[in-house]
1. Go through region B:106-132 and report how many residues are at the interface with another protein chain (Cβ under 9 Å from one of its Cβ atoms), more than 19 Å from A:Val311 (Cα to Cα) and open to solvent by 10 Å² or more (accessible area, probe 1.4 Å).
2. Can you tell me which residue among A:Gly195, A:Gly262 is away from every other protein chain (no Cβ under 14 Å) and open to solvent by less than 40 Å² (accessible area, probe 1.4 Å)?
3. Identify all residues within region A:179-192 that are in a helix (DSSP H, G or I), open to solvent by less than 20 Å² (accessible area, probe 1.4 Å) and within 11 Å of chain B (Cβ to nearest Cβ); write none if there are none.
4. Every residue in region B:86-105 that is within 7 Å of another protein chain (Cβ to nearest Cβ) and open to solvent by 10 Å² or more (accessible area, probe 1.4 Å), please.
5. Assess whether A:Ala139 counts as being part of a helix (DSSP H, G or I), small (Gly, Ala, Ser), away from chain B (no Cβ under 14 Å) and more than 23 Å from B:Leu241 (Cα to Cα).
6. Which residue, of A:Phe344, A:Phe307, is under 30 Å from A:Gly192 (Cα atoms), buried (at least 17 other Cβ atoms within 10 Å of the Cβ), at pLDDT below 85 and within 13 Å of chain B (Cβ to nearest Cβ)?
7. Looking at B:Leu136, B:Leu162, which is the one that is open to solvent by 10 Å² or more (accessible area, probe 1.4 Å) and not in a helix (DSSP H, G or I)?
8. Is it the case that A:Val87 is surrounded by fewer than 18 Cβ atoms within 10 Å (Cβ to Cβ), part of a helix (DSSP H, G or I), more than 14 Å from every other protein chain (Cβ to nearest Cβ) and within 27 Å of the chain's Cα centre (by Cα)?
Amino acid sequence: MTEVTRNNPLDRIRDLTGGVGSRFRALPKWQRYAAFLAFVVFLYYLPLLGIPGLVWLRTDSIDGGNNWAGVLFTCAIYVLIAIGLNVVIGLAGLLDLGYVGFFAVGAYSVALFGSRQSPVVAALQNRFNLSEDWAVTWAVCIPIALAIAMISGVLLGWPTLRLRGDYLAIVTLGFGEIIRIVVRNSPSWSGGPSGVAAIPGPQGAPSPDNTVFGLIDVKPWYWLALTVVLLVVFGVRRLENSRVGRAWLAVREDEDAAAVMGVYPFKFKLWAFAIGAALGGLSGFLFASRGGFIEPEQFNAQLSILFVAMVVVGGSGNMAGVALGAFLLAYLPERFRDFNEWRFLVFGLALVLVMLLRPQGLIPSRRRARELKDRQEEVAPGV
Amino acid sequence: MNFDELFGHLGQHTVDGLAKGSIYALVALGYTLVYGVLKLINFAHSEVFMVGTFAVLGTWSMLGATDNPGFGLMLVFLVAGLVGGALASGATAVAVERIAYKRLREMNAPPLIFLITAIGLSLVLSEAFGLWQGRLIVGMPTILPQEVLFTIGNTGVTNTQLLTVVAALVMMFALDQFINRTRYGRGVRAVAQNPDTAALMGVNKDRVIMLIFLLGGLLAGAAALLYAIRYGNTRFNVGFLLGLKAFTAAVLGGIGNLRGALLGGLLLGVVEVYAATLTSSNWEDVAAFVVLVVVLLFRPTGLLGESLGRARA
């Protein structure tokens, strides 16, 4: 049966990078750790990039300014999103097309509770007779944002996760739009279409006195985001190899079989959804803190599809893969800003081509690639 | 909550809703046909509709259509628009199947992969039109100026509303007859029930699949014409929200069920108009979505149940 599929020259592309991963895994443990450590150091060094021969990586020549760190910050945010969405799509196998909704929830949590200009803070000031300068501290906003995002994930997941996978995709797509529409239509508590300004950072509301996390130098923001990414990578990696992670894989591969083996699919799907939502909220939180201003139109459905594209193109189920996908899809449009108009067309083409030629993604998860191969061999030739 | 307005002009709002829902129903048929046979959400169907609206516009401008033509010219434009829209949409739908789905079907890929390919393809289609036709709303000539034909009580029915509803019902009836009475329709029902057995009985599965994509595309083209008459404009991303609504309509009625698509479409149109009357038009999309979630919660197979050939096979 394999003969049939191998005849197609396009199929060879699918196996292109297969060898690199297994050779890396064959190295002794300390060498792998050293390589990883070197990579992390390189990531922290990246905004200062001056290595001869690598300078072309920087986007400054196109922007004419010093926004290289800003681009890296965007990449880091997207990587965080991709890792969160990977929990939902890659590990638990639930297609979530409304991930931007959780991103928006996180962003709006810090905006509404942390900004002195938000209607929610104004209402709290009135209610409890607080001073005009009062707002929830940035650090306190983190758990608030995580909790609200997680609750919204559970609220969305509770009714919809019992549905078949493809219904879920449409319902979540609707959810992403609804969040945006509701926020836009409710100026009384969300600022409405004009958005919310003066969103705080680690040093409080944006002002020229902020020395580290200011508006001009983005490098500290990038380092902050990178640190968060690394912590999340560590956490999700632990989760992947835990009982929960194995339950996700089981549910993804065969829900009924998993249920028979005593894994309650709904519970683990809901967990995946909640954790994914919290990570999406976290990245939205960082995004809003850095920008200092958000408005509903920043959270459109195209962004959701971009997020899915990052996970799928990179290789869903594999964290290195989705991180690469996120980096490419955030970095390339910045690097080739001249072709900005074309970027969603190119995303679309990339999605179609990757799915047709390399459905397991650029750096696939081994288990996922095997699943696809199995299915392919089940089909009779000539159908 | 503006209950006075809603109940004072209940008939008027219902007629508005039915006219709106007819367009949803025609697009929903495309989703339902493909889902009934392949168990696959053809996400790119919304862009098939979008291509149809631009084809209608293209046909009209090629023929030199202007506002308010005489009755004879109007008929010519309507027929030409129907032919142009239906052909373009049908061709797009078949092309989508050939390019995006055929290979995946041969690979026996999981449904998720189909969905993502379809999303990619719909992005490509809408962005291609965005780059080609610009990203702003494109106006169309008013071929059929709205006028009130007759009134019942305080409910006025306009010519476009009547045309939309009647056209949708006629096409729905024709499709129903085609699927249930003809030889090709029997093939479609057979593949929907069991593809392998159908193939053993001599049904050409590949051709049936092309046929359903073609049918869905033709109906989307017809919907595009009705949309052009009713709204008089289009845009590169016109398909996204309408596609979402049409899919909601299909699910509402029971996906895979042709009559369900009609029922779901009309119902969704009416619900939206009611919701917009009660609150403001800003909230109608939210209402559509809430209806979808509630229906899926209590009746996951939709109002009439899922079937293409199963119920009365």
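1. So the count comes out to 7.
2. Numbers: A:Gly262 fails: open to solvent by less than 40 Å² (accessible area, probe 1.4 Å).
Answer to the selection: A:Gly195.
3. Of all residues in region A:179-192, those in a helix (DSSP H, G or I) come to A:179-185, A:187-190, A:192.
So of that shortlist, the ones also open to solvent by less than 20 Å² (accessible area, probe 1.4 Å) come out as A:181, A:183, A:190, A:192.
Once the filter is applied, which keeps residues that are in a helix (DSSP H, G or I), open to solvent by less than 20 Å² (accessible area, probe 1.4 Å) and within 11 Å of chain B (Cβ to nearest Cβ), region A:179-192 yields A:Ile181, A:Gly192.
4. Once the filter is applied, which keeps residues that are within 7 Å of another protein chain (Cβ to nearest Cβ) and open to solvent by 10 Å² or more (accessible area, probe 1.4 Å), region B:86-105 yields only B:Arg103.
5. On the way: part of a helix (DSSP H, G or I): yes; small (Gly, Ala, Ser): yes; away from chain B (no Cβ under 14 Å): yes; more than 23 Å from B:Leu241 (Cα to Cα): yes.
In short, yes.
6. Working: A:Phe307 fails: at pLDDT below 85.
Only one candidate passes the filter, namely A:Phe344.
7. Numbers: B:Leu162 fails: not in a helix (DSSP H, G or I).
The conditions single out B:Leu136.
8. Values: surrounded by fewer than 18 Cβ atoms within 10 Å (Cβ to Cβ): no; part of a helix (DSSP H, G or I): yes; more than 14 Å from every other protein chain (Cβ to nearest Cβ): yes; within 27 Å of the chain's Cα centre (by Cα): yes.
Criteria not met by A:Val87.
The values are calculated or read from the model by the stated rules, or taken from the named source; none is laboratory data. Here the structure is a predicted model, which is why all the values come from computation and not from measurement. Cβ atoms come from the backbone with ideal geometry, glycine included; neighbour counts cover every protein chain shown. Just so you know, the surface numbers come from the protein's heavy atoms only, side chains and all, with ligands and any DNA or RNA stripped out. Shrake-Rupley method; radii C 1.70, N 1.55, O 1.52, S 1.80 Å.
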